[in-house]
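See structure below.
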């Protein structure tokens with residue numbers, strides 16, 4: 001049993017006058033204690049919708065969210081219980097997620113009050129939490145605008161930690177930051193997972209940074225998880241053509257002057273997904289089965305799955321292998 | 001020969017607490033058909049330094065220096081002469097195409113406006129040119145796209161449309177400010193390939209501003225690294241990224257996840273944070289964050305001096321001279 005698990009989750013947005021948008025079309029992801037799981041994909045792939053469903057910010061229309069084996073209900077009008085609050089979320093933009101009119105100490109105190117920490121111990125605990133994310137404890141009386149973007153994101157993480165979570169879902173926590181601030185936050189995430197035995201679900205469009213910090217990775221395309229497995233194995237030898245394209249498109253700062261590989265076509269409208277394999281109109285290896293049948297998840301190695309007919313062990317077609325060379 | 005020569009560019013912006021120097025004495029030149037990269041973190045003055053070239057700074061900005069484009073100083077142009085250069089000879093593409101494209105005008109109208117204003121092209125001919133431009137940036141079904149609006153296109157298509165608009169009058173110089181930052185990597189790769197093709201086939205010169213050294217590596221011929229309003233290092237991209245000489249350039253590269261690393265290793269963050277323009281340290285602005293700082297670094301502003309073939313460095317200690 002995983003600490004936090006989303007099973008076959010579907011998220012549908014209704015739009016007036018238009019077709020329903022199935023942003024998440026049956027996706028599963030699981031996080032264990034002390035583990036960092038990366039959820040990677042490009043704009044419109046449904047990764048943020050899945051993240052929001054996992055923490056209960058949107059109610060999935062199908063599938064289930066299990067925390068410690070028990071169903072985690074979606075957010076309602078009344079406050080979350082202490083048990084529910086052990087699943088926390090950190091958002092992309094710390095300029096928007098922190099309250100500009102309250103000191104950061106006050107904002108951290110909310111989490112402490114929620115779990116019944118005595119008021120007399122608030123100041124000391126807030127200072128400890130800030131120190132843990134690399135902010136001087138004396139900063140508790142200051143306001144968010146007095147900090148840089150990277151510091152603010154670390155404060156947002158400290159605020160999540162105040163509730164003593166078992167799991168934190170982080171939606172693009174690094175993408176608004178410069179490289180150096182990104183490195184600081186990435187290092188912090190690794191340390192939190194190891195030292196606090198926290199499970200982290202890291203949503204990101206940046207496979208490069210996810211490769212660096214995540215133990216396992218799931219790659220999403222148009223509402224479905226197309227490949228999942230241990231990060232290193234997926235990075236070195238992707239088994240789904242989309243994962244391969246995603247890795248090939250990352251430019252490397254090595255001065256070699258190599259242009260990254262472009263993926264032809266556009267991401268289709270999630271309201272009108274292609275038939276069969278959703279990636280088939282853009283796939284360089286497309287063949288006759290792809291537009292007509294929906295591929296299942298095939299096991300492709302220890303702890304690995306790929307949703308691609310090329311990996312069908314029963315197939316007679318000579319499947320091109322995707323090789324580990326990604327440079 | 002250089003298409004653009006920027007000398008001693010200095011920009012001061014008014015703020016409530018008085019004037020603040022954003023760009024503090026910058027020199028560079030951009031050759032024909034060259035992609036000139038401007039790298040640096042947020043707040044380093046990259047964007048302001050190019051907005052100054054286009055005279056797009058806010059009211060009250062004070063600009064010093066010269067920017068010679070084909071023998072004329074861009075900074076001294078006024079009125080008609082300025083309008084003739086801006087948008088025709090020198091065009092610009094911004095980070096977010098959703099804000100730079102007009103939401104309520106058709107793509108066709110935005111594409112042909114330049115042609116009709118700058119070159120007096122008739123409507124029919126302008127429409128034909130607009131279709132060609134959309135084909136050039138690989139927009140599917142260009143005739144139909146002319147009648148579309150910005151919100152009907154994906155982020156990558158919008159940025160390609162913004163580039164098409166910038167290219168309408170066949171500019172010689174394109175200023176692209178973080179053109180791929182808001183885009184996904186697979187889409188980014190398409191834009192980079194497009195810029196590379198325009199440079200090769202049309203001899204377009206590009207000033208590319210990006211904080212992403214990976215993007216820089218794949219397309220720029222030459223890179224200047226900005227820190228706190230000054231250039232701290234510049235040189236041919238290949239050598240500069242493979243053998244950075246300035247401690248700041250090196251630190252920026254060390255902060256990136258390495259593609260061949262096995263993962264899990266600590267990324268090396270630069271201690272501290274970049275200074276705000278109001279509180280720039282004396283001497284070398286990087287000295288409070290630099291492990292190689294000497295006493296003179298705290299006092300003297302290091303000059304940007306040639307150190308080897310085509311390379312300039314503003315770091316007297318030069319700790320990586322032999323690297």
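The numbers here are math on the coordinates, done by the rules we state, and not lab data. As the structure is a prediction and not an experimental result, all values here were calculated from the model. Ideal geometry is used to build each Cβ from the backbone, glycine not excepted, and the neighbour counts take in all protein chains shown.
Between 0 and 90 degrees, rounded to the nearest ten: what's the tilt of helix B:185-202 against the longest Cα principal axis of chain B? So the helix axis and the longest Cα principal axis differ by about 80 degrees. Once Rh is set to the Kirkwood radius over Cα pairs, what Stokes-Einstein translational diffusion coefficient, in µm²/s, holds for segment B:1-86 at a temperature of 4 °C and a viscosity of 1.567 mPa s? So the translational diffusion coefficient is about 95 µm²/s. Legend: translational diffusion of segment A:55-143 by Stokes-Einstein, Rh = Kirkwood radius over C-alpha pairs, 37 °C, 0.692 mPa s; D = 217 µm²/s.
Its residue count N sets the reference 2.2 N^0.38 Å, and the alpha-carbon radius of gyration of segment A:81-206 equals 0.97 times that reference.
Of all the options B:128, B:311, B:199, the one that moves most in a Gaussian network model of chain B with Cα springs shorter than 10 angstrom is B:128. Each eigenvalue of the Cα gyration tensor of segment A:1-82, multiplied by 5 and square-rooted, gives one semi-axis; in descending order these are 22, 17, 10 Å. For the protein assembly as shown, the fraction of C-alpha pairs farther apart than 43 angstrom is 27 percent. Dividing the radius of gyration of the alpha carbons in segment B:106-259 by their Kirkwood radius gives 1.05 for Rg/Rh.
To the nearest ten degrees, helix B:155-167 and the longest principal axis of the Cα atoms of chain B are 80 degrees apart. In the frame of its principal axes, segment B:233-272 has Cα extents of 32, 27, 9 Å, reported largest first. For segment B:182-323, the Kirkwood radius over C-alpha pairs fed into Stokes-Einstein at 25 °C and 0.890 mPa s yields D = 147 µm² per second. Report for the protein assembly as shown the percent antiparallel among DSSP-assigned beta bridges with both residues inside it, nearest 5. Here the antiparallel bridges make up roughly 60 percent for the protein assembly as shown.
Among A:279, B:320, A:67, a tally of other beta-carbon atoms within 10 Å of each Cβ gives an order, fewest to most, of B:320, A:67, A:279.
In chain A, Cα pairs under 8 Å separated by at least six residues give a relative contact order of 20 percent. Taking the empirical scaling 2.2 N^0.38 Å for compact globular proteins as reference, segment A:218-298 has a Cα radius of gyration ratio of 1.19. Panel note: the C-alpha atoms of segment B:229-301, placed on their principal axes, show extents of 41, 28, 22 Å (largest first). Sorted fewest first by neighbouring Cβ atoms within 10 angstrom, B:186, A:292 come out as A:292, B:186.
Calculated on C-alpha atoms, the gyration radius of chain B divided by its Kirkwood radius gives an Rg/Rh of 0.99. Among beta bridges from DSSP that stay inside segment A:112-227, the antiparallel ones total about 40%. When only Cα pairs below 8 angstrom with a gap of at least 6 residues are kept, segment A:78-175 shows a relative contact order of 48 percent.
Histogrammed with a bin width of 5 Å, the alpha carbon distances of segment B:93-165 distribute as 3, 19, 32, 26, 15, 4, 0 percent, first bin at zero.
Is the shape of segment B:137-207 rounded, prolate or oblate, going by the alpha carbon gyration tensor and its root eigenvalues a ≥ b ≥ c, with a/c under 1.5 for rounded and a/b larger than b/c for prolate? Oblate. Dividing the Cα radius of gyration of chain A by its Kirkwood radius returns 0.99 for Rg/Rh. DSSP beta bridges confined to chain A are antiparallel in about 60 percent of cases. For chain A, the longest principal axis of the alpha carbon atoms and the long axis of helix A:149-162 meet at an angle near 80°.
Hydrodynamic radius of segment B:70-117 by the Kirkwood approach over all distinct alpha-carbon pairs: 12.6 Å.
Relative intensity of segment B:181-258 on a log10 scale, I(q)/I(0) at q = 0.17, 0.22, 0.24, 0.25 Å⁻¹, equals -0.73, -1.11, -1.23, -1.28, per a Debye sum over C-alpha point scatterers of equal strength in the absence of solvent. Neighbour counting of Cβ atoms within 10 Å sorts the residues B:234, A:97, A:275, A:43, fewest neighbours leading, into A:275, A:43, A:97, B:234.
Taking only the alpha carbons of segment B:1-45, we obtain Rg and Dmax values of 13.5, 42 Å in that order.
Beyond 17 Å, the tail of the calculated P(r) for segment A:141-204 holds 38 percent of the Cα pairs.
Working from Cα pairs under 8 Å separated by at least six residues, relative contact order for chain B is 20 percent. With N the number of residues in segment B:272-318, Rg(Cα) / (2.2 N^0.38 Å) evaluates to 1.21.
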